[in-house]
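Shown next, in structure tokens, is the structure this report addresses.
The values are calculated or read from the model by the stated rules, or taken from the named source; none is laboratory data. Note that the structure is predicted; figures quoted are calculated from it, not measured. Positions of Cβ are generated from backbone atoms using ideal geometry, with glycine treated the same way; all protein chains shown enter the neighbour counts.
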Amino acid sequence: MPHFNVVTYPVGEHEDAPSLADWFDPAFATGYEEDPANVCPTAPGQYGHQALCRARDGRWLFNAWTKQEDSDTYGYVDDATAKAWLLNNGHHDAAERWFGGQRPA
């Protein structure tokens, strides 16, 4: 099974490229697909796609890609971002499972 690199993006003025933060094995993660209604164009003929994974250690990984070669990226997101993504993509049961609370009407 392939392992995927997890990157962090620059936050300071002296950083100019993403750096390797970690790696994970998707065989040991729970994955959630995007809502097809949320797919958005990124360039003529290109569409940005997203997925969210919960690693077995409880961390959330955001995956983004296009059909362009080498566009597949993974990065860690916090719980609030993961919960919002799950709700915005119709994964209300998953949001309730991992974060508790009420399902939207």
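Observations
- Pairs where the first residue, in the range 75-100, is under 18 Å from Phe24 (Cβ atoms) and the second is of a type in the set (Phe, Trp, Tyr) and in a loop (DSSP other than H, G, I, E, B), C-beta under 9 Å, 6+ apart: Gly75/Tyr9
- Test: residue in the range 65-72 that is surrounded by 13 or more Cβ atoms within 10 Å (Cβ to Cβ) and at pLDDT 90 or above: no
- On the stretch given as the range 1-59, residues that are modelled with pLDDT of 70 or more, part of a loop (DSSP other than H, G, I, E, B) and either among the small types (Gly, Ala, Ser) or farther than 19 Å from Asp93 by Cβ (or both) total 5.
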